[in-house]
Each structure stands twice: as structure tokens, then as C-alpha cells.
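Since the structure comes first, as C-alpha cells, the remarks are kept for the end.
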2 protein chains.
Amino acid sequence: MADAYHHGDLRRTLLDEAAHVLDVQGVGALSLRDLARRAGVSATAPYHHFKGKADLVTALADDALADLDAALARADAEAAAAGATPGKRLCAIGVAYVLFAVDHPERFRLAFRPEMGSPFDDMADEGLPEDLVGFRQLVRVVREVEPDPDRQAPTAIGAWSTAHGLAALLVDGPLRTLAADRDRVQALVGAVLVAEAPRGPAP
Amino acid sequence: MADAYHHGDLRRTLLDEAAHVLDVQGVGALSLRDLARRAGVSATAPYHHFKGKADLVTALADDALADLDAALARADAEAAAAGATPGKRLCAIGVAYVLFAVDHPERFRLAFRPEMGSPFDDMADEGLPEDLVGFRQLVRVVREVEPDPDRQAPTAIGAWSTAHGLAALLVDGPLRTLAADRDRVQALVGAVLVAEAPRGPAP
DNA sequence: GTACCATCTAAGCACTGTCAAGTTTCACCG
DNA sequence: CGGTGAAACTTGACAGTGCTTAGATGGTAC
């Protein structure tokens with residue numbers, strides 16, 4: 001079955017191996033040949049499953065974005081189950097966003113790094129790929145927090161921007177030294193999100 | 001003077017050429033050998049001015065960050081000269097931040113991309129390299145907007161996060177399609193920054 | 001004038017992504 | 001059961017990369 005030829009599911013194996021390399025060594029360490037070696041196949045075997053390196057990396061980025069998305073959806077669902085107000089749910093999503101970035105910096109980076117193709121390349125007119133549950137929930141929650149329809153878009157983009165920016169500054173920017181201390185990160189995220197929260201109906 | 005040997009200022013030439021390649025072809029297209037070729041020197045000449053590729057790219061990232069910083073400082077100075085309130089100045093800095101990212105996406109990306117070394121590697125305890133004028137001005141303006149000392153840090157980080165996040169989403173994220181339309185970007189930035197502005201003393 | 005030293009060159013290694021052509025194996029159809 | 005076509009994989013090769021080691025060059029200070 002896994003007898004050299006007809007490996008079984010080489011595509012999946014390559015992606016899994018790539019995810020592992022990504023997490024422990026970073027994007028720069030990704031090499032098709034190395035991945036092939038790890039999977040026990042020849043150097044050119046991956047070309048039967050991906051158009052090239054860029055294609056593989058894009059698939060990996062898709063997975064990474066899906067992971068982030070799942071984390072957001074989970075956080076919102078938990079908050080909702082606990083009976084949180086829309087404001088608190090928005091906050092929970094933001095915290096989950098930043099914590100995901102801090103916990104999986106390489107995955108987070110890759111999701112938003114289009115140097116060889118990006119998950120956002122195929123976008124609907126609405127501005128979001130269809131299958132991003134967590135983000136759709138964000139938009140929905142914003143709609144509850146912000147009653148004025150004209151201000152919903154800026155509010156949603158603003159909330160996302162703040163969370164994303166904070167995550168980026170913690171992962172790649174000048175706040176990097178803080179990222180090691182998870183408790184401090186959580187406190188900081190809370191403080192920032194509260195300070196920047198939209199002025200919707202009080203919680 | 002520029003007679004093959006003792007090129008004159010190879011280091012500067014290489015960085016300039018690199019900046020050009022960066023702007024028109026992206027980080028991925030940067031290659032030491034190519035840069036050497038463009039400068040008309042042998043493939044290994046750059047190694048007498050940089051420890052390696054990572055070192056050159058880091059220097060380039062430093063330059064990029066300095067450019068961004070200068071843009072911020074300029075924007076704030078102009079706003080201040082026009083007699084803007086602290087709130088408006090903060091907004092002007094934010095707009096300048098996002099517009100810089102949209103106008104020079106590759107430079108912006110590189111400044112916050114530590115794959116081969118980052119401008120933030122040598123950081124003071126305060127959390128910022130000393131020579132970042134624009135950012136120091138940001139902090140100063142925040143101090144005027146937010147009187148409560150305990151909330152100044154979160155407010156400053158929040159403002160920075162929002163601007164940075166919005167910039168990142170416009171450059172690398174799902175808002176990429178908007179980035180082409182500069183007017184729309186400007187409007188969006190205004191709307192978002194107003195929505196997320198700290199609730200300091202009214203303007 | 002000569003010794004020094006920063007600057008540059010030349011040759012070579014190990015590695016990469018990718019292409020072209022050949023080989024193996026499986027699934028299906030008579 | 002035997003054959004056939006296609007998918008999965010291999011071999012071999014090419015151009016390009018970063019980087020190291022060893023040598024050539026030329027301005028500068030004694």
C-alpha cells in the first residue's frame with residue numbers, strides 16, 4: 001500500500017510534513033526537495049500533486065487560514081454558549097485572534113503573506129472567501145453591536161484591523177518581546193480591545 | 001574612481017539597487033548575485049560589505065522602516081503646523097501610516113518581516129529603537145489625547161495596532177482589492193480611525 | 001619603496017526549483 | 001484472463017542560488 005510507488009496520499013503527506021517544517025523552522029526552510037525526501041519519494045514527485053512550490057505554499061496558507069478561522073469560530077461559539085453579550089463576544093473573537101497568532105506565529109504569518117500566492121487570491125465580490133465561518137461570525141456580531149448600517153462596515157473592518165494589527169506587532173513587530181509572556185499578552189489584548197471597542201449599546 | 005576595483009561605494013550601490021528590485025519585483029526576487037551583476041562586480045564582492053544575504057536584507061528593512069518613520073513624522077509636523085488638535089494629529093499619523101503601506105507595499109512588508117532579520121531585533125527596553133521619530137511623536141500625541149497615565153500605553157498600542165492592521169489587511173489581506181483605489185482607501189482609513197479613536201477629550 | 005590591508009576576483013561546493021523523458025503500477029474493459 | 005491507458009513515480013539534467021576558500025589588485029601610510 002505504502003509501497004514506494006503509489007504512495008497512497010502523497011499530497012496530504014507533503015502538506016503535513018510542510019506544516020511541521022513550517023512550525024519548527026519557518027517558511028524559509030520550506031523546500032520541495034526536502035519535503036520529498038521526508039516523504040521518501042523522489043525530488044520531482046511533488047510535481048504530480050502541485051504545480052510548483054508556490055502552489056504547495058499556497059495550499060499550506062489556505063490550511064493556516066482555515067485553522068485561524070476555526071479558532072475564531074470556536075471562541076465565538078463558546079462565548080455565545082456562556083451567554084456573553086455581543087460586545088463580549090466580539091472581544092472573545094479578538095482575543096482568540098491574537099492568541100492564535102502568538103501561539104502559531106508561522107501559520108499566522110503564512111496566512112497573510114502572498115509572496116507565492118495567497119488564500120485571498122480567489123475572493124468573492126463581498127471581499128471574503130465563502131468558507132470563512134469565523135469571519136462571517138465577526139461580521140454578524142458587529143451587526144448586533146453597531147445598529148447604524150452605514151457604520152457597520154467601518155466598525156467590522158476596524159475591529160478586525162485592531163486585532164490583526166496587534167497580532168502582527170506582537171509576532172513580527174516591536175512588541176515581539178512581549179509575545180513570550182502569554183498572560184501579559186492576554187491582559188494587553190483585553191486592555192486594547194476594550195479601549196478601541198465600538199461605542200455600540202452598552203454591554 | 002569607479003574603475004572596477006575600489007568601486008567607490010559598493011555598499012550604497014548594492015542597497016540602492018536592492019531597493020529598486022524590491023519595489024518592482026518584490027522580496028522574492030532579491031538575489032546577491034543579481035545585485036552584484038547589476039553593480040558590475042563579481043558575485044562574491046557583496047560579502048565584503050555584508051555578512052550575507054540576511055544582513056543585506058536586514059539593512060534594507062532598516063531603510064524601509066526609516067522611510068515609514070519619516071512619513072509619519074512629516075505628516076504629524078504638517079498637521080501640527082496647520083494647528084490641528086491632538087486628535088486630528090493622531091488621525092493624520094494613522095492616515096499617513098496606511099497610505100505609506102499602500103503606496104510602498106514591498107517596503108512596508110519588508111519592514112515588518114523578520115524572515116532574515118528585523119529592524120526590531122535591537123530594541124531598547126522601552127520597546128522601540130531610539131531613532132524612530134515618528135513613533136515617538138505618536139506616543140507623545142497619545143499622551144495629550146489620553147490624560148489617564150494608566151491607559152496611555154494601551155491607547156498608543158491600540159492606535160498603532162489599528163493603523164498597522166488596516167495597512168496589513170489592505171496590502172496582504174482580504175482588502176487588497178480596495179488598495180488600488182487611493183481615494184477609497186483614504187475614506188476608509190478616515191472612517192475606521194474615527195470609529196476606533198480613543199475617547200479622550202473632545203476635539 | 002615597500003609593506004599593509006581593505007577591496008575585489010576566481011573557482012568550486014552544496015543546494016534549490018523545474019523540465020523532459022522514461023518506468024512502474026493500478027484500474028478498467030474486452 | 002490479457003491487454004491498454006492513464007496516473008503516479010523515477011532518473012537525469014540544467015540553470016540558478018548562497019557561501020567558502022584562496023588568490024589577485026591597488027591605494028595608503030610608513
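Checked across region A:104-121, the condition of being within 16 Å of DNA strand D (Cβ to nearest atom), touching a residue at least 60 places away in the same chain (Cβ under 8 Å) and either touching a Ser or Thr at 6+ places or on another chain (Cβ under 8 Å) or not basic (Lys, Arg) (or both) holds for at least one residue.
Within this structure, residue A:27 passes the test of being in contact with a helix residue (DSSP H, G or I) (Cβ under 7 Å, 6 or more places away or on another chain), closer than 29 Å to residue B:172 by Cβ, within 16 Å of DNA strand D (Cβ to nearest atom) and β-branched (Val, Ile, Thr). What do you reckon, is residue A:35 more than 16 Å from the chain's Cα centre (by Cα), part of a helix (DSSP H, G or I) and surrounded by 15 or more Cβ atoms within 10 Å (Cβ to Cβ)? Against the criterion (more than 16 Å from the chain's Cα centre (by Cα), part of a helix (DSSP H, G or I) and surrounded by 15 or more Cβ atoms within 10 Å (Cβ to Cβ)), residue A:35 qualifies. Identify the residue in region A:1-32 that is near DNA strand C (Cβ under 8 Å from one of its atoms) and at pLDDT 95 or above and, among all such residues, is nearest to the chain's Cα centre (by Cα). Top of the filtered list is A:30. One residue stands out among those in region A:156-186 that are in contact (Cβ under 8 Å) with a residue 60 or more places away in the chain and β-branched (Val, Ile, Thr): the one that is nearest to residue B:115 (Cα to Cα), which is A:171. Residue B:56 meets the conditions (1) more than 14 Å from chain A (Cβ to nearest Cβ); (2) within 16 Å of DNA strand D (Cβ to nearest atom); (3) part of a helix (DSSP H, G or I); (4) surrounded by fewer than 18 Cβ atoms within 10 Å (Cβ to Cβ) in every case but one. The failed one is (4). The listed residues are A:75, A:96, A:79, A:71, and the only one of them that is modelled with pLDDT of 95 or more and either surrounded by fewer than 17 Cβ atoms within 10 Å (Cβ to Cβ) or within 28 Å of residue A:14 (Cα to Cα) (or both) turns out to be A:71.
Just one of (1) crowded, with 23+ Cβ neighbours inside 10 Å; (2) within 12 Å of chain B (Cβ to nearest Cβ) fails for residue A:91. It is (2).
Consider residue B:163 carefully, then state whether it is over 30 Å from residue B:53 (Cβ atoms), in a helix (DSSP H, G or I), facing chain A (nearest Cβ under 9 Å) and not charged (D, E, K, R).
Numbers: over 30 Å from residue B:53 (Cβ atoms): yes; in a helix (DSSP H, G or I): yes; facing chain A (nearest Cβ under 9 Å): yes; not charged (D, E, K, R): yes.
So residue B:163 passes the test.
Within region B:42-53, the residues that satisfy the criterion of being assigned to a loop (DSSP other than H, G, I, E, B) and crowded, with 17+ Cβ neighbours inside 10 Å are B:49, B:50. Looking only at region B:149-177, residues that are over 14 Å from the mean Cα position of the chain (by Cα) and either closer than 25 Å to residue A:64 by Cβ or of a type in the set (A, V, I, L, M) (or both) come to 13 in all. For region A:59-68, the tally of residues that are surrounded by 19 or more Cβ atoms within 10 Å (Cβ to Cβ) and either small (Gly, Ala, Ser) or within 16 Å of DNA strand D (Cβ to nearest atom) (or both) stands at 2. The residue pairs whose first member lies in region A:6-24 and is more than 15 Å from residue A:37 (Cα to Cα) and among the β-branched types (Val, Ile, Thr), whose second member is within 13 Å of DNA strand C (Cβ to nearest atom) and part of a helix (DSSP H, G or I), and whose beta carbons are closer than 7 Å, counting only pairs six or more residues apart or on different chains, do not exist in this structure.
The single condition among (1) closer than 22 Å to residue A:112 by Cβ; (2) charged (D, E, K, R); (3) out of contact with any Pro (no Cβ under 6 Å at 6 or more places or on another chain); (4) within 7 Å of chain A (Cβ to nearest Cβ) that residue B:121 does not satisfy is (4).
Would you check if residue A:112 is under 27 Å from residue B:120 (Cβ atoms) and within 10 Å of another protein chain (Cβ to nearest Cβ)?
Numbers: under 27 Å from residue B:120 (Cβ atoms): yes; within 10 Å of another protein chain (Cβ to nearest Cβ): yes.
It is true that residue A:112 is under 27 Å from residue B:120 (Cβ atoms) and within 10 Å of another protein chain (Cβ to nearest Cβ).
When residue A:28 is tested against the conditions (1) away from every other protein chain (no Cβ under 14 Å); (2) within 25 Å of residue B:113 (Cα to Cα); (3) surrounded by fewer than 17 Cβ atoms within 10 Å (Cβ to Cβ), the lone failure is (1).
The values are calculated or read from the model by the stated rules, or taken from the named source; none is laboratory data. The structure presented is a predicted model; accordingly, all values stated were derived computationally and were not measured. Glycine also receives a Cβ, built like all others from the backbone with ideal geometry; neighbour counts cover every protein chain displayed.
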